[in-house]
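The values are calculated or read from the model by the stated rules, or taken from the named source; none is laboratory data. Computed from a predicted structure; not experimentally measured. Counting neighbours? That spans all protein chains shown, and the Cβs are built from the backbone with ideal geometry, glycine included.
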């Protein structure tokens, strides 16, 4: 145990720091008025982590994650509004149903690799979006669903921003820890082996298809849970929030976070969301940029530019780059320590 | 190459950093401004509707501040782009409420975007004056009493009723529908089928077809419609769909069947697109397109004024009713600030309680005074959309009388009666 | 002759027109070091892939410990006790050397996502066992001190040893080595052949495909010679060396080269 | 369903299908030569329409020169896209490249929205709007142009790939990039050409379809997707296969409208296309993985 503590010393320190930050951030001292942004980061982190496990560790491209995000949101919303199902039960049903769906489509789809897998997942994502938008009798069509109730435990209702923030981040932390444990386990090694070389993975007894499908299902369930939380947080959902660009957004978060890193996903989600719902809107206020934003051009141009620049200059993500720098610094330090 | 990108990146980041440091864009009128929030679809599928709305509020902000603001205080209209995405709309509205601490929000452009924030504005106690035409938008539901929600466009219901009244005068009883699969068309389809039902207008719907917003050819749908031989074709969608349908119908030699469209085509763009095929198309719409042929009235003066200013700023023939919805929404807030709010911007930004109080005052004013009691000599609040008579039971305040039937004749908008 | 651990009966694999492996019957004796040799394109690697289950045979069958393997996929065969290394190394570059070997323990451990997710005792117990075993095999091949290195940072010779450790970690009965000597210098080859003998002492049957004749003749107790997909000879090293067909085959290859 | 309705759906389907095919060809060329799926392909279609509008209506050029200039400009933009992004992103993964092209698409869309506004535009039809009739169905002359130009483009491409030096070099790259490099073909140059060529073809498609369906700054997404499906149906391999794929897709969509029953409702057109895509991919998945194993 002590050994483990020593071994992962820095990651424990990091975790402690993160937790402290999470508690302090929404307070008056720091970013009370940005609490919705912080909450959004929590929601999207959950989806992004799923994608990290699937793409970063297992090496399976997925361009349709918003479909599972939406599936969770819609099942939760529909059940808890029109059918008055208990929100928690609805969330559970959503997670199970989404998982089952992912399991069924996973087997045929995950036989594909690389670009072909990308196409398939992309297709899947858009099909789901079309269904969300056009199955009006269940999904409210293009207008979406309103009046999704807040979550509550007994009499305690998660209605204020702070309560929603705490609930969502509680979920997020648990999911992050689970993911980290999985990746440091036998299953995690099997998944990374698949990424390294499917042939070699098979040769050491890893059932490649099965593990691919398992992780696909896990990532889908994460997305679904995030979707349910999102629906109960904003009390309303619409198909526009789960289209192809939503998938791209999630994908970018995962990649900026540096795919092969569970905590990176949080970082990526934060980075992208700060840009999307903080910096770019702030830019639109400035008289210099206003005309460009009126015609909508600036929003598209800056978003497009952002995607390109990040991918070109940080192909393995902001977070991982920073972490590697930190590690090398540590190594140099320890070496000096040995020398001295 | 890399250098080229670094420069661009630097520009973006720098530009973004400046306002974070806290210095926004400058204003004519001096002193701390009243902050009014707005969310519109500058981009996304609703952009053609959203942009005139943004252009309108920009124009009005300058006019108001040139005139010395409201009671000597300038206004700052903070608008954000929802990209026609509900999730983004929610984020932006939240930012306006928590971060910018605006006294009221106008917009969004679409019903879907509005739905995304109706519970938000209820919970935060902020008046929202939407520019979306969803029929049931302001109707209270089990979960939301719509206490804080108003809407300035004529609802789809009014427009459909107006259209059907007109059909009655033409003794048309058999209609065929072709609607788009985006929000606009779906809403129209729902309302039309409801209103056509026996007991209402009891019209026979011989065929109902849909099309995707960027389909290049609707001949197949139209052939089906022709086979069902209706007396009229009703097309519900925003550009370019209806223009494609108009041209396809001429190509199929179907123009002996009259084509009725929605207010979604009340743009110069429609006539540009459909060219000659636009002639003969009839659609229900606010009075703006045919303002010149109106008898003299307070609304006519307002419309002419609005058109003059808008076209002076954004080009000839660019005015449209959607910009008008934003005009009306903002006018209501401005009127409320002018007449009902005594607190200064400093006091508002000073304490959250004052802010909440002011938000409530604005809401109450719009509900109680934007009607004949507040404006007795014009028996109602005169705006581009019509004469508003908002009440506790009606948060829209318009009636179908403020809608006219417009017919396109040799490339011009003319009254159909 | 004692029990044979692996047998092939009229084993055939054809890719489109070309028949890579043509009706091969062979039988590998348990506990021995058997070497499959032959000129390039003789079908050695294809034969390996058939045994390992990467390819399904076009016809014929493979028996492992007397039971037909049928169409069992590679991971099942690994569980049964067939391990293999690859000509082109194929180490997992996204893990440390130790973790590479730990993956080898996969078929010998059970716990899955759930136990891992919540760190149930079972996961701790098995992880302990796995890492102990892995360290043991890593030391066996003499890479103990490189546990935390990225495999690709090691020289080729040690990478090859690492793949052997990874294969051993699956605790196989039969170990297939695909050209373990290729690209190694004389010294490394020396230690390699010693390692192979030691593995044999552990009771693991070894089949190796190898080009380096000295290496083969040094350690192989039984040699099978393939040429253009067919078995042309088998016997002890000295027997096959005298065999006319074998010499012809190799001469043929040399002529082809010149 | 009546005959003339059926014929109408076939002709409309053929017209739409040809557009899908043209866009799909662009995807295929880039994918074969560089192994990249260029998600900005749809934007070149949009640019083609917008540029041809600009040159006919604003600059007042006659149709054919306007068409050529538009296509040329689009090709240059395609080349620029490659040089500025793909070429700059060294050793980027499949995912990164996908996101880069998506980013480029959004970027181009923004520029177009700024330049031409958000309202759709309509360039003049090549040879008037007087429709032709047969078997109770109606075809607009522009539709014939679309079909004709698609076939022409296919023939030209076939000639290019089969019997010109560049074409052979491109084919070599698509077969085996590293090997091509060894025999002295510069894969980067080939990639550049591929991007320019793909952009040109996309723009051509946009320019011929715009008079029929009009064009708006954000039309690239939808069109690109359809072309992408067409290309996938054609297996991202031969031009003929892709064109067939495009036409099948177009016809299926229209026939679905004509049937208009159950899942075959016009609302679900996009879904229908993608379900087709999924089925095809899955059916071919076994073969694909076999190929990868052997290679």
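Go over the candidates A:304, A:268, A:240 one by one and state the one that is out of contact with any strand residue (DSSP E or B) (no Cβ under 9 Å at 6 or more places or on another chain), part of a helix (DSSP H, G or I) and at the interface with chain D (Cβ under 9 Å from one of its Cβ atoms).
Result: A:304 is the single residue among A:304, A:268, A:240 that is out of contact with any strand residue (DSSP E or B) (no Cβ under 9 Å at 6 or more places or on another chain), part of a helix (DSSP H, G or I) and at the interface with chain D (Cβ under 9 Å from one of its Cβ atoms).
Does residue C:159 satisfy the condition of being surrounded by fewer than 18 Cβ atoms within 10 Å (Cβ to Cβ), more than 10 Å from every other protein chain (Cβ to nearest Cβ) and in contact with a helix residue (DSSP H, G or I) (Cβ under 7 Å, 6 or more places away or on another chain)?
Answer is no for this residue.
For (1) facing chain A (nearest Cβ under 9 Å); (2) more than 27 Å from residue A:229 (Cβ to Cβ); (3) surrounded by fewer than 24 Cβ atoms within 10 Å (Cβ to Cβ); (4) over 17 Å from the mean Cα position of the chain (by Cα), each residue gets a yes or a no:
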residue	(1), (2), (3), (4)
B:89	yes, no, no, no
B:123	yes, no, yes, yes
B:131	no, yes, no, no
B:141	yes, no, yes, yes
B:145	no, no, yes, yes
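Can you find a residue in region D:132-151 that is within 14 Å of chain A (Cβ to nearest Cβ) and more than 17 Å from the chain's Cα centre (by Cα)?
No, every residue in region D:132-151 fails to be within 14 Å of chain A (Cβ to nearest Cβ) and more than 17 Å from the chain's Cα centre (by Cα).
From the set of residues in region B:234-247 that are within 8 Å of chain D (Cβ to nearest Cβ) and free of Cβ contacts under 8 Å to residues at least 60 places away in the same chain, which is farthest from the chain's Cα centre (by Cα)?
B:247
Within region B:264-287, does at least one residue satisfy the condition of being away from chain D (no Cβ under 14 Å) and either farther than 30 Å from residue B:410 by Cβ or in a helix (DSSP H, G or I) (or both)?
The answer is no; no qualifying residue exists.
Yes/no per residue for (1) within 20 Å of residue C:43 (Cα to Cα); (2) in contact with a strand residue (DSSP E or B) (Cβ under 8 Å, 6 or more places away or on another chain); (3) part of a helix (DSSP H, G or I):
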residue: C:177; (1), (2), (3): yes, yes, no
residue: C:182; (1), (2), (3): yes, no, no
residue: C:189; (1), (2), (3): no, no, yes
residue: C:193; (1), (2), (3): no, no, yes
residue: C:198; (1), (2), (3): no, no, yes
residue: C:203; (1), (2), (3): no, no, no
residue: C:211; (1), (2), (3): yes, yes, no
residue: C:225; (1), (2), (3): yes, yes, no
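Which is within 11 Å of another protein chain (Cβ to nearest Cβ), at negative phi and in a helix (DSSP H, G or I), of D:39, D:53, D:44?
D:53
Against the definition (assigned to a helix (DSSP H, G or I) and modelled with pLDDT of 85 or more), how does residue D:104 come out, yes or no?
yes
Looking only at residues in region D:52-72 that are touching a residue at least 40 places away in the same chain (Cβ under 8 Å) and farther than 12 Å from residue D:124 by Cα, which one is surrounded by the most Cβ atoms within 10 Å (Cβ to Cβ)?
D:70
Taking the residues in region B:277-314 that are within 30 Å of residue B:177 (Cβ to Cβ) and without any contact (Cβ under 8 Å) to a residue 40 or more places away in the chain as candidates, determine which candidate is farthest from the chain's Cα centre (by Cα).
B:277
Quick one: is residue A:164 surrounded by fewer than 24 Cβ atoms within 10 Å (Cβ to Cβ), part of a helix (DSSP H, G or I) and more than 10 Å from every other protein chain (Cβ to nearest Cβ)?
Spelling it out, residue A:164 is indeed surrounded by fewer than 24 Cβ atoms within 10 Å (Cβ to Cβ), part of a helix (DSSP H, G or I) and more than 10 Å from every other protein chain (Cβ to nearest Cβ).
Look through region C:77-98, keep the residues that are over 14 Å from the mean Cα position of the chain (by Cα), touching a residue at least 12 places away in the same chain (Cβ under 8 Å) and at the interface with chain A (Cβ under 8 Å from one of its Cβ atoms), and return whichever of them is surrounded by the fewest Cβ atoms within 10 Å (Cβ to Cβ).
Checking each candidate, the answer is C:93.
So for region A:100-117 (the condition being surrounded by fewer than 23 Cβ atoms within 10 Å (Cβ to Cβ), on the phi > 0 side of the Ramachandran plot and modelled with pLDDT under 95), does at least one residue qualify?
Yes: one or more hits.
If residue D:111 satisfies all but one of (1) surrounded by fewer than 23 Cβ atoms within 10 Å (Cβ to Cβ); (2) over 21 Å from the mean Cα position of the chain (by Cα); (3) within 24 Å of residue B:45 (Cβ to Cβ), what's the number of the condition it fails?
Result: residue D:111 passes all but (2).
Per-residue answers, yes or no, for (1) part of a helix (DSSP H, G or I); (2) in contact with a strand residue (DSSP E or B) (Cβ under 9 Å, 6 or more places away or on another chain); (3) more than 14 Å from chain D (Cβ to nearest Cβ); (4) within 26 Å of residue A:252 (Cα to Cα):
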| residue | (1), (2), (3), (4) |
| --- | --- |
| A:52 | yes, no, no, yes |
| A:70 | yes, yes, yes, yes |
| A:84 | no, no, yes, no |
| A:90 | yes, no, yes, no |
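Regarding region B:42-53, can at least one residue be identified that is modelled with pLDDT of 95 or more and more than 11 Å from chain A (Cβ to nearest Cβ)?
No, because not a single residue in region B:42-53 is modelled with pLDDT of 95 or more and more than 11 Å from chain A (Cβ to nearest Cβ).
Filter region B:54-66 down to the residues that are touching a residue at least 60 places away in the same chain (Cβ under 8 Å) and more than 11 Å from chain A (Cβ to nearest Cβ) and list them by number.
Hits for region B:54-66 are B:60, B:63, B:64.
Considering each residue of region C:33-62, count those that are part of a loop (DSSP other than H, G, I, E, B) and either within 12 Å of another protein chain (Cβ to nearest Cβ) or surrounded by fewer than 18 Cβ atoms within 10 Å (Cβ to Cβ) (or both), and give that number.
Adding up the residues that qualify gives 7.
Just checking, which of B:112, B:50, B:72, B:107 is out of contact with any helix residue (DSSP H, G or I) (no Cβ under 7 Å at 6 or more places or on another chain) and crowded, with 24+ Cβ neighbours inside 10 Å?
B:50
Can you work out which of the residues in region A:135-158 that are over 24 Å from residue B:113 (Cα atoms) and either crowded, with 24+ Cβ neighbours inside 10 Å or modelled with pLDDT under 90 (or both) is farthest from the other protein chains (Cβ to nearest Cβ)?
A:154
Do you know which residues across region D:132-142 are in contact with a helix residue (DSSP H, G or I) (Cβ under 9 Å, 6 or more places away or on another chain) and either modelled with pLDDT of 85 or more or not in a loop (DSSP other than H, G, I, E, B) (or both)?
D:132, D:134, D:137, D:138, D:139, D:140, D:142 - these are the residues of region D:132-142 that are in contact with a helix residue (DSSP H, G or I) (Cβ under 9 Å, 6 or more places away or on another chain) and either modelled with pLDDT of 85 or more or not in a loop (DSSP other than H, G, I, E, B) (or both).
Mind listing just one residue for me: the one in region A:167-195 that is at the interface with chain C (Cβ under 7 Å from one of its Cβ atoms) and without any contact (Cβ under 8 Å) to a residue 40 or more places away in the chain and, of those, surrounded by the most Cβ atoms within 10 Å (Cβ to Cβ)?
The extreme case among them is A:193.
Restricting to region D:98-131, name every residue that is more than 8 Å from chain A (Cβ to nearest Cβ) and over 21 Å from residue B:273 (Cα atoms).
The answer is D:101, and nothing else.
Could you tell me which of the residues C:33, C:5, C:24 is in the same structural domain as residue C:217 (by TED's automatic domain parsing), touching a helix residue (DSSP H, G or I) at 6+ places or on another chain (Cβ under 6 Å), modelled with pLDDT of 90 or more and farther than 29 Å from residue A:194 by Cα?
Just a single option satisfies the conditions, and that option is C:33.
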